[in-house]
Amino acid sequence: MLILEKKIQNQDAKVVVIGLGYVGLPLMLLTAESGYQVKGLDKSSEKVTNLKNGVSYIKGINNKRIKELADNGSITFTENYYEINEADVIIICVPTPLKENMEPDVSFISSSVKQILKFLKENTLIILESTVYPGATEELIKREIEKNRGFSVGCDYYLCYSPERVDPGNELFNIKNTPKVIGGATERCLEIGAMFYKEIVNMVVPVNSLETAEMVKLFENTFRAVNIGMVNEFAQMSSHIGINIWEVIEAADTKPFGFMPFYPGPGVGGHCIPVDPIYLLWKANKIGFNSQFIKLANEVNKDMIGFMLNEIITLLEKRNKGLINSKVMLLGVAYKKDVNDYRESPAIKLFSELERIGTNVIYFDPYIKEINNQGIVVNSVELTKEIVNECDLVVISTDHSNVDYEWITDNAQLIYDTRNVTKSTYNSEKIHVLGNNLNYSKVNKLIEV
């Protein structure tokens with residue numbers, strides 16, 4: 001048995017997690033709670049300082065949990081890469097966004113690997129968890145280590161890919177009870193990587209290659225993006241026909257086989273669904289494959305902003321008002337319910353478009369006190385009876401659980417509900433739900449975004 005295997009089994013392996021965001025920080029804490037000594041590394045001095053002071057910046061991770069692990073010596077935090085020189089396991093959890101030209105931005109991985117190369121020792125396990133395109137782990141890590149250090153994978157060091165499956169705001173599933181997919185550069189790499197995760201999570205799912213593991217994550221989120229795109233198109237179609245799409249979905253969901261419900265909304269947002277399919281699309285284009293579903297779903301989901309603007313115009317015109325100089329409140333700007341993250345949020349895009357047109361637009365979000373709207377900081381308003389009542393329209397753009405929608409219904413003049421949360425208090429004179437019938441006789445296809 002290798003020394004590294006013994007260290008993993010005896011929980012003597014020293015672990016470094018690079019990137020302490022919504023993936024890295026909870027993984028670090030769970031690894032420490034499983035018995036390992038873990039060092040968290042992040043280039044953000046603000047994050048490191050907060051964590052050293054026992055202060056969490058991620059919803060769902062409380063300060064007490066961090067402090068207890070720090071006090072017993074299980075976790076430490078640093079900005080310095082030289083501190084990985086004693087690491088037995090290195091897990092990379094850095095962001096992989098899109099560039100402005102919609103190509104993958106893997107610069108954070110490349111930057112991390114460049115630093116790892118300086119301090120990497122033999123018999124180290126490296127695991128990439130960041131979302132990437134198929135072939136990226138070999139291209140960005142394996143080739144660089146072979147080129148710059150001459151290490152042979154599976155002999156001198158071990159390389160795996162295991163896609164993160166974190167679902168922020170989900171109180172039922174977490175890292176520990178969500179099956180962990182993992183692929184290795186060699187069979188030996190896979191064996192050691194799976195051994196490590198089995199010490200941390202309930203179930204490990206090994207696959208035959210790095211590329212398969214990379215594709216798993218892209219498939220999962222492309223599946224969601226395509227189905228959301230389909231139901232968003234159905235919502236638009238149903239609104240024109242005069243059918244309530246929510247009733248359609250509810251009835252269809254009574255079929256006990258062959259159906260999985262997806263729900264319409266203002267589009268897609270967050271760190272995965274708007275980004276991951278584009279990574280796959282980029283890779284498909286690179287190999288000369290024309291992926292039509294991904295492109296179409298992306299277009300439909302983006303078009304929801306224009307569709308909603310047209311519905312908003314129609315609603316206001318029915319009350320002899322226009323977008324210009326009307327006061328509109330967006331209720332929720334997070335990309336999904338019960339999180340404090342507004343990355344790629346369609347609500348932010350709607351906010352920007354309304355403001356561009358000349359609408360007096362404000363927002364309230366219980367989890368997000370301020371947003372950066374095209375370089376300008378905008379603060380959340382208070383949710384008072386006076387502020388709600390003075391708005392010409394309240395748009396429910398994120399369905400946070402801690403908002404009293406019955407109270408909103410009682411105090412708002414007019415509501416546009418994009419999440420169907422007002423179903424129990426439905427009032428056709430005051431409330432319009434996205435995907436329900438709206439008369440387009442006066443306004444049709446006015447705005448394209």
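The values are calculated or read from the model by the stated rules, or taken from the named source; none is laboratory data. Bear in mind that the values here come from a model prediction, so they are computed numbers and not experimental data. Neighbour counts run over all protein chains shown; Cβ positions are idealised from the backbone, glycine included.
Taken over region 141-176, residues that are of a type in the set (Gly, Ala, Ser) and touching a residue at least 60 places away in the same chain (Cβ under 8 Å) amount to 1.
Within region 330-348, residues that are in contact (Cβ under 8 Å) with a residue 24 or more places away in the chain and within 9 Å of residue 269 (Cα to Cα) reach partners that are basic (Lys, Arg) and assigned to a loop (DSSP other than H, G, I, E, B) with beta carbons closer than 7 Å, at six or more positions or on different chains, in the pairs 335/343. The condition of being in a helix (DSSP H, G or I) and at pLDDT 95 or above does not hold for residue 87. Within region 298-313, the set of residues being buried (at least 19 other Cβ atoms within 10 Å of the Cβ) and under 28 Å from residue 431 (Cα atoms) comprises 300, 301, 304, 305, 307, 308, 309, 310, 311, 312, 313. Taking region 351-375 as the range and being hydrophobic (A, V, I, L, M, F, W, C) and either outside any helix (DSSP H, G or I) or closer than 25 Å to residue 169 by Cβ (or both) as the test, the residues that pass are 351, 361, 362, 364, 368, 371. One residue stands out among those in region 342-367 that are surrounded by fewer than 21 Cβ atoms within 10 Å (Cβ to Cβ) and of a type in the set (Asp, Glu): the one that is farthest from the chain's Cα centre (by Cα), which is 355.
Conditions (1) aliphatic (A, V, I, L, M); (2) in the same structural domain as residue 138 (by TED's automatic domain parsing); (3) assigned to a helix (DSSP H, G or I), marked per residue:
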position: 202; (1), (2), (3): no, yes, no
position: 205; (1), (2), (3): yes, yes, no
position: 216; (1), (2), (3): yes, no, yes
position: 237; (1), (2), (3): yes, no, yes
position: 265; (1), (2), (3): no, no, no
position: 277; (1), (2), (3): no, no, yes
position: 289; (1), (2), (3): no, no, no
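The residue that is surrounded by the most Cβ atoms within 10 Å (Cβ to Cβ), counting only those in region 114-138 that are farther than 15 Å from residue 18 by Cα and of a type in the set (Asp, Glu), is 138. When residues of region 34-65 are filtered for being in a helix (DSSP H, G or I) and either closer than 13 Å to residue 19 by Cβ or of a type in the set (Asp, Glu) (or both), how many remain? The qualifying residues number 4. Just one residue in the set 339, 388, 378 is part of a loop (DSSP other than H, G, I, E, B) and either farther than 23 Å from residue 98 by Cβ or in the same structural domain as residue 327 (by TED's automatic domain parsing) (or both); that residue is 339.
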